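The values are calculated or read from the model by the stated rules, or taken from the named source; none is laboratory data. These numbers were taken from a predicted model, which means no experiment stands behind them. Cβ atoms come from the backbone with ideal geometry, glycine included; neighbour counts cover every protein chain shown.
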Amino acid sequence: MKGQIIEPASGSRDEQYFKNISPNAQGDILAAGVSHPGRRNNWWDLRELWNYPYYRLGIILEEGSGYFRNASNYECDLSYGHFFLTFPGTQHQYNAKQGDFWNDFHVCFAGKIFDDYRASGILDSTRPVWQLRNPAPYLRRLQRLFQKPQPVEEISIARQSIEFLHLLLSMLEKGAPVENTPSENDVFTLACRLLTRDMHHKVDLHQVARQLGMSYHTFRLYFARRAGMPPSRYREQQRIKNACQILLNNPIKSCERIAFTLGYSRSDHFSAQFKRHMGMTPREYREKIKNGSLKNSNDKSTFTDRLNLSA
């Protein structure tokens, strides 16, 4: 490993022990270090998931807390004793919550030896977050391993990679996987709830932004990044989803009443919006339910895919 201990860049919260400029493809450590406790006070870094071409181990330190989420809809809170793994090619994000401090010990690594353990399922991307009762001994061993001068000979590099892998496997053996526990106080969850809690009356997007503690501009950017669409379009899709449920479960309720329930001023406007999203009018949709060509409103060919296409 051709690396050295380097000073953190100006303004950086990370103390990086070294940066590996020529990793060994069989297995090597790319970087290791400690993030200095830093409070997050803005929403901008919540805008999208990340995707790195290497593995990363992060161990939350005593001064740190936050959350983890990925593209598989896994999410959980993080605190002292938690560690997480990210994998090449998987989308994820980790950070402090607004007003909290982030502090972790991190190791970035790559190579065939780690890929083989991933392929075998021992390094499992479906279980990204784990908890240790006592992380201190592992932290001490990892710091001793990476704070000393880094190896440059092939055998020494291989020995370090194997020693790190042994430590990582020990952590997985002693740790317990953390279940998917989406936070009810997640900002995006709250935003979705505020946008859809009353479909009959118009929603004031500026008021929603204020309730979330954001400016309107920041809220629109944040929501569009998380949902893949503006908040107004998300709300409209949810109205159509509710309409599908009503058409399915209330066969005698008129389209005029459904339009009124969902806040449309005119039934013809409701019918036009429904057709734009679903490719058919509400009456045609109900007729297909009647004759059995639609089994339920979650039928991918009739609801989910059509809504995604309309976005």
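Screening the candidates Tyr52, Tyr94, Tyr67 for the property of being surrounded by fewer than 18 Cβ atoms within 10 Å (Cβ to Cβ) and not charged (D, E, K, R) yields one hit, Tyr52.
Restricting segment 229-262 to residues that are polar (S, T, N, Q) and within 31 Å of the chain's Cα centre (by Cα) leaves a set whose member that is surrounded by the most Cβ atoms within 10 Å (Cβ to Cβ) is Gln237. For segment 136-148, does any single residue satisfy the condition of being touching a strand residue (DSSP E or B) at 6+ places or on another chain (Cβ under 8 Å), basic (Lys, Arg) and surrounded by 12 or more Cβ atoms within 10 Å (Cβ to Cβ)? There is no residue in segment 136-148 that is touching a strand residue (DSSP E or B) at 6+ places or on another chain (Cβ under 8 Å), basic (Lys, Arg) and surrounded by 12 or more Cβ atoms within 10 Å (Cβ to Cβ).
Within segment 271-286, residues that are surrounded by fewer than 17 Cβ atoms within 10 Å (Cβ to Cβ) sit with their Cβ atoms under 6 Å from residues that are not in a helix (DSSP H, G or I), at 6+ positions apart or across chains, in these pairs: Lys275/Thr281. Among the residues of segment 70-95, those that are more than 19 Å from Tyr54 (Cβ to Cβ) and assigned to a strand (DSSP E or B) comprise Glu75, Cys76, Asp77, Leu78, His82.
Only one of the numbered conditions (1) modelled with pLDDT under 90; (2) in contact with a helix residue (DSSP H, G or I) (Cβ under 8 Å, 6 or more places away or on another chain); (3) closer than 18 Å to Gln143 by Cα is violated by Leu57, and that is (1).
Screening Arg193, Arg144, Arg159 for residues that are at pLDDT below 90 and of a type outside the set (A, V, I, L, M, F, W, C) leaves exactly one candidate, Arg193. Which of the residues that make up segment 178-209 are more than 23 Å from Ala243 (Cα to Cα), surrounded by 13 or more Cβ atoms within 10 Å (Cβ to Cβ) and either touching a Ser or Thr at 6+ places or on another chain (Cβ under 8 Å) or not hydrophobic (A, V, I, L, M, F, W, C) (or both)? Answer for segment 178-209, where residues must be more than 23 Å from Ala243 (Cα to Cα), surrounded by 13 or more Cβ atoms within 10 Å (Cβ to Cβ) and either touching a Ser or Thr at 6+ places or on another chain (Cβ under 8 Å) or not hydrophobic (A, V, I, L, M, F, W, C) (or both): Asn180, Pro182, Ser183, Asp186, Ala209.
Scanning segment 96-120 for residues that are in a loop (DSSP other than H, G, I, E, B) and either basic (Lys, Arg) or modelled with pLDDT under 95 (or both) returns Ala96, Lys97, Gln98, Gly99, Asp100, Asn103. Restricting the first member to segment 99-127 and to residues that are more than 18 Å from Gly175 (Cβ to Cβ) and not assigned by TED's automatic domain parsing to the domain that holds Ala25, and the second to residues that are polar (S, T, N, Q) and in a loop (DSSP other than H, G, I, E, B), no beta-carbon pair is closer than 9 Å while six or more apart or on different chains. Among residues of segment 53-72 that are in the same structural domain as Leu167 (by TED's automatic domain parsing) and in contact (Cβ under 8 Å) with a residue 40 or more places away in the chain, those with a beta-carbon under 7 Å from a residue that is part of a loop (DSSP other than H, G, I, E, B) and of a type in the set (Lys, Arg) at least six positions away or on a different chain give the pairs Tyr67/Lys97. The residues of segment 225-266 that are small (Gly, Ala, Ser) and either modelled with pLDDT under 90 or not in a helix (DSSP H, G or I) (or both), listed by number, are Ala227, Gly228, Ser254, Gly263, Ser265. Among what's in segment 213-224 and is surrounded by fewer than 17 Cβ atoms within 10 Å (Cβ to Cβ) and not in a helix (DSSP H, G or I), pick the residue that is modelled with the lowest pLDDT. Applying the filter and picking the extreme gives Gly213.
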